[in-house]
Every structure is written in C-alpha cells, then in structure tokens.
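The values are calculated or read from the model by the stated rules, or taken from the named source; none is laboratory data. Note that the coordinates shown come from a computational prediction; the quantities given were computed from them, not determined experimentally. All accessible areas refer to the heavy atoms of the entire protein, side chains included, with ligands and DNA or RNA removed. Shrake-Rupley method; radii C 1.70, N 1.55, O 1.52, S 1.80 Å.
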Amino acid sequence: MSSRTFPQAVLFDHDGTLMDTEPLWDLAKRRLAAEHGGTWTAQDTDDVMGRSIGLTLQRLRERGVELEDRAMGERLVLLSRELLREQDPELIPGVESLLEEVAAAGIPAGIVTNATTEIAEHTAAKGPENMFDVIIGDRELAQGIAAKPSPEGYQEAARRLRVDPAQCIAIEDSPSGVEAAQAAGMTVVVVPGALPVDPQRGTVHLTDHRQLSLALLEWLDPQHRSWPKAVLLDHDGTLVDTEPEWAIAKRTVARSFGQEWTEEDDMATLGRTVQESAQLMLDRGAQGELQEVTDRIGAEVAAATAEHVPFLPARPQLLDELAEAAIPAAIVTNALAAVIAGTAAAAPHAIRAAVSREDVEHAKPHPEPYSTAAERLTTAPRGLHRRGGLDRRRPVGHCRRHAGGDRPRRARGPHRARLRARGPARGRDPRAAALDRPAGARAAPL
C-alpha cells in the first residue's frame, strides 16, 4: 500500500466512467428483447441506467423475455461478450493518463460497478498491468452486496483494500453512483455521463474526462481542503481602476476619425467588449477594420498603464494575502490581452492565469471566460511560468469570483461597481461562491 496521505485509494465506476459501454449494453438488451418478440426502448435504458442488474432483468421480463433471472442474465452477458469482441471499445479519452499516474504513484485502485464483473475485468486489462486490486461487480452483488445507490459496494472495496473510505476518491458519472460513493463517506469526482447529476451532489464536477489528473485528486484532500481554492477576478473596475484610461482612449481614437465620444457612449458600452466600442465608431463612419480600431483603443490603454498599474485600494494587499495562503488568482476579463498584461506582470506571485477577450469565442456574460480560467488553473503544471509569469495550474471548483465590469464606468454613485456576497451559483460545486455586481456575468458550472 502507498504511504501517501491522500488519496489512499482510487475507486472507479465502470460504464461511462472508464469505458463507454452503455451503447454496448443497450444493444445487448435490444437484441435479447427482440429474440423474444419484445422491444427495448430508449426510455427503458434511461430508467435502469446506473441501477442494479436485477432491475434490468425485471424490465426485460416486462418486455417479453420469459426466462428465469439466471438464464436471462447469462444470455445478456453472452450477447454483451459477443458485442465486446465485435466492437472492443477503448477507454474514454483522459482516463488512460490518470490510470498511468495512479499506477506509477503506487496508489491502490478498484472498480465498483452494478454491471458484470467479467466486463469490468476486460476493461481493467486495458489499464496498467495488475493495477486494479479490487473489482466489485455482479458476482459480488449475487453474494449479498447491495447495488448502487447503496454504499455497500464502495464500502466493501475499501474494506478489501484496507483503507478508510474517507481517504478514498470515487470517480462516478451517474446519480446513483454518486449517491452510493457519498453515502460511503468518500470524496467524489463527477465526470460527464448519460444522466445529469445534481450539482449539489459530489465533491467536484468536471466538464470533460480529460480534466482528470492525479494533481486534481491530491488537491481534494479533505484534511487540507479550504475555501476558496482559487479567486477569479474581473479586471477593469474590480482589480484596477482603468476607467479614466478607457474613456480617454476611446475619445482619442474617436477624435482621430473626426468623431466625438461622450459620457453617454461610455454608459451605453458599459460592461461590453472593446470590439463593440470599435464597431460603434465604424458605424459612425470611422475608416478601417474592426480589429484595427479595437487594437488602437487597447494600445492607448496599455500605453497609459505601462508605467503604473492603477490598482484599486486594498487590491495589492489582497493579492499578497492570496499568495501567502497559496490560493491562486486568475484574471477573467472582456478586455484585451495587451491591457491586462501589465497587471499580471505586476503580481506574478498571485496571478497564475488570465483569460482575455482573445482567448474565448464568447465574451461575458457567457460563462466561457470563467470556465476557461478554471480549466487553465486545473491543467497547468505547478511552477511553470509563462506569459508574464502566469502559472496556469489549479483544479476546477471552489473558486471565488470577483467581478466588476470590463469597460469604463465614468459615473460614480449607483453606477459604481458594487460587490456583494452571494450563495452557491446554480450548477457549481456547492462550496463555491461568488462576489459579483448585480448585473455581472454568472460563473460557469464547474
């Protein structure tokens, strides 16, 4: 057994987590029902997904399969085995690299599934040699272990591995599996599956199996878990006060086209992308391409802040405190990369990632900028500094978001960005929270 502190074991669900065998199982059920003159429907598949083999056999009987449970189960396994030989599905992308990391670290691993032990063993053979120490499947269920959503399968796997369930990580994709692992007292990583999992369930939700890594699993150590795990900050109006610079830049560029840029224009483009301000100038007769005008506005602001970053009061102290607490920060903005480069370079000890308008297809209020920042903090190796000292590593979830707007806000009083605490955003890890102004963009589901 590994001498590491956490995790002491990693337990995987099978179908939809390690391998996408759900279509294979679905086809086997359809063939079995058809052999007896019945029809297996998509609704039947949804109803039994993630449930016990016994529930599947009961539904097959309702669809016309007149066999005893044992004979029906054996025929279903035989059909599945034939399909497995025909199709031989591979591990889901992103899983193999995690298996290699877990095996190299000497961490015990197991598979806990409501499906057949035989097919789980077939899948186990696709991973590193002798990696899986325990497999809990239909054989074990037949011996009296209750199927998911009961926690007994996970509890039995932990018992056989001689580890405390609280020191295990379970990786699941279905509501019943997540319920089972949580009831067993385990940390649960939820990966995408055929059925949606309640965002209030599980420890952290990923959007892709490729986000799985040993670094993520180690980071979830409940003994050292704190909140927040990361802080995502808007740029203009939240981290720095560049309102005057943006207003001056737009007036300067507009004047070069013989136009006037007013405070009303400032308010009309409040919180919008700089491209929209550039487009407004083009609509009024400015000459040139959209990107050219956009770059000119950004260059004016970048030049104005090159010598001195106009941090808002207490923001440098906040960044220092985050760095001291080893909580990484990321800038998430609709502004241009050239504009935020100076800010990031001024605090490389704290700001480890940045997402600008050029980095995403959809700007705020779309959630893509925040989900992109979280992914960058997840995947970058610790200590790798690039783009002005940005270390892009931190797992998804547990992020606090500071958000103001991204564009000039000349007015004070009610138009000044106001921060307020808010409860967990819908679709996010339940322990995450956000700071936002009332009209700010919502954080992405993490």
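Using the scaling law 2.2 N^0.38 Å as the reference, what is the normalised Cα Rg of the stretch 48-167? If you can, show how the numbers build up before the last one.
On the way: Rg = 15.8 Å, N = 120, 2.2 N^0.38 = 13.6 Å.
With N residues counted in the stretch 48-167, Rg over 2.2 N^0.38 Å equals 1.16.
Which of the three applies to the stretch 100-171, rounded, prolate or oblate, going by the alpha-carbon gyration tensor with a ≥ b ≥ c and a/c under 1.5 meaning rounded? Walk me through the intermediate numbers first.
Numbers: a/c = 2.28, a/b = 1.25, b/c = 1.82.
Note, shape of the stretch 100-171 comes out oblate.
Ordering Phe132, Phe12, Phe311 from largest to smallest accessible area (1.4 angstrom probe), what's the sequence?
On the way: Phe132 35, Phe12 5, Phe311 55 Å².
Largest accessible area first, the list is Phe311, Phe132, Phe12.
With an 8 Å Cα cut-off and a minimum separation of 6 or more residues, compute the relative contact order for the stretch 222-353 in percent.
Numbers: 141 pairs, mean separation 47.4, N = 132.
The normalised contact order for the stretch 222-353 reaches 36 percent.
Indicate the gyration tensor shape class of the stretch 5-95 (rounded, prolate or oblate), computed on the Cα atoms with a ≥ b ≥ c the square roots of the eigenvalues: a/c under 1.5 is rounded; otherwise a/b larger than b/c is prolate and the rest oblate.
Numbers: a/c = 2.29, a/b = 1.83, b/c = 1.25.
Prolate is the answer for the stretch 5-95, as a/c is 1.5 or above and a/b outweighs b/c.
Students often forget the sequence filter, so: which lysines lie under 22 Å Cα-Cα from Lys364 once same-chain residues fewer than 8 apart are removed?
Lys250
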